[in-house]
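Okay, so here's the structure we're looking at.
Each value in this text was obtained by applying a stated rule to the coordinates, not by laboratory testing. These figures come from a predicted structure and were not determined experimentally. Cβ coordinates were reconstructed from backbone atoms using ideal geometry, including for glycine residues, and neighbour counts include every protein chain displayed.
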Amino acid sequence: MTDQYREISGQFSQARKDDVTLFLETPSVQSVLGDNAGANAIDYACGTGHYSRLLKLLDAREALGVDRSPAMIDAARQEESANSLGVTYKVADAAAMDVFGSFDLATAVFLFNYAEEEQTLGRMFESVAANLKDDGRLVAVVPNPDFINNRDDLRSYGYVLETIGKGPSSLRVRMSFVGAEKFAIEFTQWSRRAYEDALQRARFADIVWTPFAVSREGLARYGQAFWDAILGNPKSVVLSARKKPA
Ligand SMILES: C[S@@+](CC[C@H](N)C(=O)[O-])C[C@H]1O[C@@H](n2cnc3c(N)ncnc32)[C@H](O)[C@@H]1O
């Protein structure tokens, strides 16, 4: 499987400072995370460390970021040495990964959409379960299964998404960043059923889908009308679940 992020870790890191990340996605994840004081956390597909660092800022005792891309892990480590929070990073493929610990909390922001087959999706959830203690929580962000591609309504936020393929339980999507940072990535938009079946097979319960909500700062800065298009056709959603005891 090719590393789409090998050449774009710098552009990706800049794109993670956009309005949608800051005022919509991050506060939505944060409100599902709630209180993490003292948690031992693993951040799957950590990329350049946006959420690994947030976990530490939200008082996680330990935060381990894992990502398949050595270039993304290098960028995350550079940020950690420039501005240390005590996050550790490892290069690892979530679909074929060792057990690194018995964590209270796993985050996975845009990991599962890189599984191209349902078997791989299943292996990713099994890896998360193997790394969580009983009753440990998974908080993920995934492409919204109901997102309508091939419309131009997210261009003003800096994105264009188009369907480039179709499977029985998924769409293949190309997302082009058309704001200050210009690059494109491809991923799988899985159905709700595919996620829920894979979660249940990996022994997760209490599956909750939480729509994004704009932060108070985002509303104060831009007003409600600015956010209407992305709230009307949200491209991502928070998916959380709890690992059932054996
Ligand atoms: C869109 S980025 C998200 C990065 C980070 N979670 C964030 O929100 O800023 C997706 C990341 O998933 C990583 N990734 C894709 N497939 C993976 C896999 N099988 N195992 C681990 N990481 C993977 C990529 O290398 C990339 O860094």
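Quick check on the exposure proxy: order Val109, Val66, Val208 from fewest to most C-beta atoms within 10 angstrom.
Result, fewest neighbours first: Val208, Val109, Val66.
What is segment 63-146 by shape, rounded, prolate or oblate, if you read a ≥ b ≥ c off the alpha carbon gyration tensor as root eigenvalues and call it rounded for a/c under 1.5, prolate for a/b larger than b/c, and oblate otherwise?
Judged from the Cα gyration tensor, segment 63-146 comes out prolate (a/c at least 1.5, a/b above b/c).
Rounded to the nearest 20 debye, what is the charge dipole size of segment 1-108 about its Cα centre when +1 sits on each Lys and Arg Cβ and -1 on each Asp and Glu Cβ?
Using only the charged Cβ atoms, the result is roughly 120 debye.
Just to be sure I understand: with springs between alpha-carbon atoms less than 10 Å apart, which residue in Met175, Met124, Met72 has the highest mean-square fluctuation in the Gaussian network model of the chain?
Among Met175, Met124, Met72, the largest mean-square fluctuation in the Gaussian network model of the chain belongs to Met175.
Scan segment 1-47 for trypsin sites (Lys or Arg not before Pro) in coil per DSSP, keeping those whose Cβ has at most 14 other Cβ atoms within 10 Å, and list them by number.
Those that pass, being in a loop and sparsely packed, are Arg6, Lys17.
If you average the C-alpha positions of segment 95-166 and of segment 184-246 separately, how far apart do those two centres end up, in angstrom?
For segment 95-166 versus segment 184-246, the Cα centre distance is 10 Å.
So how do Lys56, Lys133 line up by other beta-carbon neighbours within 10 Å, fewest first?
Ordered by Cβ neighbours within 10 Å, fewest first: Lys133, Lys56.
What area, in nm² and to one decimal, does the C-alpha convex hull of the chain cast on average over all directions?
That works out to 12.3 nm².
Restricting to DSSP H runs of at least four residues, report the calculated mean residue ellipticity at 222 nm for the chain, -39500 (n - 2.57) per run over all residues, nearest 500 deg cm²/dmol.
After summing the helix terms and dividing by the residues of the chain, the value is -9000 deg cm²/dmol.
Have a look at Arg151, Arg77, Arg53 and tell me which one the Gaussian network model of the chain (Cα, springs below 10 Å) gives the largest fluctuation.
Arg151
Rounded to the nearest 20 Debye, what is the dipole magnitude of the chain about its Cα centre when Lys and Arg each give +1 and Asp and Glu each give -1 at the C-beta?
Around 180 debye, computed over the chain.
Choose one of Ala198, Tyr157, Ala115: the residue whose Cα lies farthest towards the positive end of the charge dipole of segment 104-214 (beta-carbon charges +1 Lys, Arg; -1 Asp, Glu; about the Cα centre).
So the residue we want is Tyr157.
Comparing Asn144, Asn131, Asn233, which has the greatest mean-square fluctuation in the GNM of the chain with Cα pairs linked when under 10 Å apart?
Asn233
Hey, fewest Cβ within 10 Å first, where do Ser81, Ser69, Ser31 land in order?
With the sparsest Cβ surroundings first, the list reads Ser81, Ser31, Ser69.
What are the GluC sites (Glu not before Pro) within segment 77-127 that DSSP puts in a loop, where the Cβ has at most 14 other Cβ atoms within 10 Å?
Passing sites in segment 77-127 are Glu117.
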